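Nothing in this text is a laboratory measurement; each read-out follows from the coordinates by a stated rule. Bear in mind the structure is a predicted one, so any value in this text is a computation, not a measurement. Because the Cβ atoms are built from the backbone with ideal geometry, glycine has one as well, and the counts that use them run over all protein chains shown.
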Amino acid sequence: MAYKQESIKPYDGNESKGVQVARMFDNIAHSYDRLNHWLSFGVDKHWRNAAIRSLKPFAPRRILDVATGTGDFALLSARKLQPEHLLGVDISEGMLAVGRKKVKEAGMEAVIEFCKDDCMALNLPNASFDAVTVAYGVRNFENLENGLREMLRVLRPEGRLVIIELTSPVHFPMKQLFWLYSHVLMPLLGRLISCDSKAYSYLPATMEAFPQGEVMREVLQRVGFAEVEFRRFTFGLSTLYTAAAPKRGA
């Protein structure tokens, strides 16, 4: 099944969405963290912490962070969950370079490892992780269901999936305020600070097109996840999805 955000690309041209997304994040890697926190007014830290708290009861020892970007979520997860090993993967080498520098400065090289990989076809063995996380990256997937199936494949039975994603408010007045913010302020600041006029128009477009709430829950169930739940934050600006890989033999 095709989803609307899969057809939205950062740039013009015939390159695949995955190739263009990698190039876009390479372009904005130098300013990504600063812009992220500014554009969310710092509230994204609360959303990230809530996502990590949802994993605490399961005490995962091996964690895969997909679309890890510059590694903020990976570092926070490692500090709060104390896993034996955390692997972060991303298609942008520019973002990973920033992340590796952070991990080294934090002295966490023994726990956190980054590598370039495509979540459409992960170079990882079946059932090799206790938890898989994605923070603000799943809407960039070239094929949503393929990416979700890959994450399910590498989860052990009863392993946990956590997705935190930006979403669009649907009720007045937040819906109207968000439209002004995402279509006027976000592209303007993005253009001034990141020097990429396309990136911060692409990002809000994917937020609006991405399946949300009940629809995303159905997608997760369709690809094979169990115990799917979701929770909205801050008037619907962000949504947390949690799920489990089925029990062995289920």
Q) Taking amide H positions as placed 1.01 Å from N in the peptide plane, with prolines and chain starts having none, which residues 5 or more places from residue 88, or on another chain, fall under 5 Å of its amide H? A) 65, 113, 114, 115
Q. What's the extension gain from residue 61 to residue 34 if we count 0.36 nm per residue and subtract their Cα-Cα distance?
A. 6.7 nm
Q | Nearest-20 debye value, region 66-115 charge dipole, Cβ charges on Lys, Arg, Asp, Glu | A | 180 debye
Q: State the Cα centre-to-centre distance between region 1-73 and region 92-169 in whole Å.
A: 9 Å
(Q) Please compute the contact order of the chain in relative form: average sequence separation of alpha-carbon pairs under 8 Å and at least six residues apart, divided by the residue count, as a percent. (A) 22 percent
Q. With charges set only on the Cβ (+1 for Lys and Arg, -1 for Asp and Glu), what does the dipole of region 79-182 come to about its Cα centre, in debye to the nearest 20?
A. 340 debye
**Q.** Projected label distance in nm at residue 123 and residue 171, using a 7 Å step from Cα toward the beta-carbon
**A.** 4.7 nm
Q. What FRET efficiency do you get for residue 80 and residue 192 if R0 is 51 Å and r is their Cβ-Cβ distance, rounded to the nearest 0.05?
A. 0.90
Q | Cα centre as origin, Lys/Arg/Asp/Glu Cβ charges: the chain dipole, Debye | A | 580 debye
(Q) I need the peptides 86-95, 141-150 ranked by packing, meaning the mean over residues of other C-beta atoms within 10 angstrom, with the highest value on top. (A) 86-95, 141-150
**Q.** Dipole-positive endmost among 167, 92, 29 within region 24-178 (Cβ charges, Cα centre)
**A.** 167
